[in-house]
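Before any comments, here is the structure.
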Amino acid sequence: LQAHWIEPPGDGAEFLEEAGYDYLFDVSGYRTELKSELMTELKEMLDQKHRVILKYLQKDVQFFMAVIIGSDRINHAFWKHVFRDHPGYEPNEEFEIFFRDYYRLLDTRLKSWYQLAKEQGFRPLIMSDHGAKSLLGVFCLQDFLIKKGYLVLKKAVPEGSILQSADVDWSKTRLWADGGYCGRIYVNKRGREPEGIVDSISTLFEELNQDLQETARTTSISMKLIPAKELYRRCAAVAPDFLLYIGNLDYRCAGKIHAGPLFLSENDTGPDGVNHDFYGIIAGDWGVNPPSRIVDVFDRVTMFLKGQL
């Protein structure tokens, strides 16, 4: 981190001094076997955040927000060493002690930040955008689309490849996808995409959903396909047309080409014990009608800033 990256610019030197001159935006890698190095980074990152938050909560500002990314990274890296119901549970006393100690420390820090924020006249809110659950495996979404004829390649690509635009025969391709905690599926829509061939997104949705439900029946793993417009308030930039949830988020969707079984037992982008879950945490002093969804929090904060609360 350099001083000229910081806004307002006058805060640069003060911020760097409080952070210890080596500020960590994130750990260097959390899907890794280098757990000892990761533990050191997670601890240092939380210590830095603590010093900076305590400092900046006392400055004369109207709005302050801090992101604690370590509580996400520690789950991905250490979950299967802590929770015995994980299908890949690997007992490790050192990792389990670190995991539990980290959360005890984070709880203590959250309490101190919350109390100081109240004292400074803020209306503090603690919020996470997702939860975590044991990862059971990975669904090879690109391979499924190829197998069913939705995605057509010009030629076979090596196993483990990330799909490139030049690999695709766009004159025959109706769908392509990207992986992640859920699958993100895009329609090669005529008039929208450079070589679009699909006229009816709704008709294609029904066809794809039928194929997915057939796979769900044969594997006994649920598959839920949802048009993105039913979830998003606004579809902007390169938004997917459909979102695919496998096994109620027990499975990730692979973005790579694997040219083998449709389900893998391990994550394909590095060691990972969890998938994101639907529900996170919303905590704060909201009175008798607290928000229950993250979008409700946005509405409340907007009203508050407009002086309507």
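Of all residues in region 260-272, those that are open to solvent by less than 40 Å² (accessible area, probe 1.4 Å) have Cβ atoms under 7 Å from Cβ atoms of residues that are part of a strand (DSSP E or B), 6 or more apart or on another chain, in Leu262/Phe139; Asn267/Val138; Asn267/Arg252; Asp268/Val138; Asp268/Lys256.
Can you pull out every residue in region 181-197 that is more than 17 Å from Leu208 (Cα to Cα) and among the basic types (Lys, Arg)? Correct list: Arg190, Arg192. Can you find even one residue in region 67-88 that is on the phi < 0 side of the Ramachandran plot, loosely packed, with under 15 Cβ neighbours inside 10 Å, in contact with a Ser or Thr (Cβ under 9 Å, 6 or more places away or on another chain) and not in a helix (DSSP H, G or I)? Yes, the conditions are met somewhere in region 67-88. Taking every residue in region 275-303 that is at positive phi and assigned to a loop (DSSP other than H, G, I, E, B) and pairing it with any residue that is open to solvent by 40 Å² or more (accessible area, probe 1.4 Å) and aliphatic (A, V, I, L, M), at least 6 positions away or on another chain, yields no pair with a Cβ-Cβ distance below 7 Å. Just one of the numbered conditions (1) open to solvent by 30 Å² or more (accessible area, probe 1.4 Å); (2) under 25 Å from His258 (Cβ atoms); (3) of a type in the set (Val, Ile, Thr); (4) under 27 Å from the mean Cα position of the chain (by Cα) is not true of Ile201: (2). It is to be established whether one or more residues within region 152-159 are closer than 26 Å to Ser265 by Cα and open to solvent by less than 20 Å² (accessible area, probe 1.4 Å). No, every residue in region 152-159 fails to be closer than 26 Å to Ser265 by Cα and open to solvent by less than 20 Å² (accessible area, probe 1.4 Å). Within region 189-218, residues that are more than 14 Å from Leu244 (Cβ to Cβ) and without any contact (Cβ under 8 Å) to a residue 40 or more places away in the chain sit with their Cβ atoms under 8 Å from residues that are part of a loop (DSSP other than H, G, I, E, B) and of a type in the set (S, T, N, Q), at 6+ positions apart or across chains, in these pairs: Glu195/Ser171; Glu195/Asn188; Gly196/Asn188; Ile197/Ser171; Ile197/Thr173; Ile197/Asn188; Val198/Asn188. Against the criterion of being surrounded by 11 or more Cβ atoms within 10 Å (Cβ to Cβ) and either among the polar types (S, T, N, Q) or under 20 Å from Gly273 (Cβ atoms) (or both), His50 does not qualify. Scanning region 1-40 for residues that are charged (D, E, K, R) and open to solvent by 90 Å² or more (accessible area, probe 1.4 Å) gives Glu7, Glu17, Asp22, Glu33, Glu37.
Residues that are open to solvent by 80 Å² or more (accessible area, probe 1.4 Å) and touching a residue at least 24 places away in the same chain (Cβ under 8 Å) are absent from region 130-144.
State whether the residues of region 36-52 include one that is outside any helix (DSSP H, G or I) and at negative phi. The answer is no; no qualifying residue exists.
Among the criteria (1) buried (at least 16 other Cβ atoms within 10 Å of the Cβ); (2) part of a loop (DSSP other than H, G, I, E, B); (3) among the β-branched types (Val, Ile, Thr), the one Val238 does not fulfil is (1). Only one of the listed residues (Gly196, Gly191, Gly149) is open to solvent by less than 30 Å² (accessible area, probe 1.4 Å), out of contact with any His (no Cβ under 6 Å at 6 or more places or on another chain) and more than 30 Å from Asp296 (Cβ to Cβ). That residue is Gly196.
For region 241-259, which residues satisfy the criterion of being open to solvent by less than 20 Å² (accessible area, probe 1.4 Å), in contact with an Asp or Glu (Cβ under 7 Å, 6 or more places away or on another chain) and outside any loop (DSSP other than H, G, I, E, B)? Those that are open to solvent by less than 20 Å² (accessible area, probe 1.4 Å), in contact with an Asp or Glu (Cβ under 7 Å, 6 or more places away or on another chain) and outside any loop (DSSP other than H, G, I, E, B): Leu249, Ile257.
The set of residues in region 63-112 being among the basic types (Lys, Arg) and either closer than 13 Å to Ser134 by Cβ or in contact (Cβ under 8 Å) with a residue 60 or more places away in the chain (or both) consists of Lys80, Arg84, Arg109.
The values are calculated or read from the model by the stated rules, or taken from the named source; none is laboratory data. Keep in mind it's a predicted model, so treat the numbers as computed, not measured. All Cβ positions, glycine included, derive from the backbone under ideal geometry; neighbour counts span all protein chains shown. Surface areas here come from the heavy atoms of the whole protein model, side chains and all, with no ligands, DNA or RNA. Shrake-Rupley method; radii C 1.70, N 1.55, O 1.52, S 1.80 Å.
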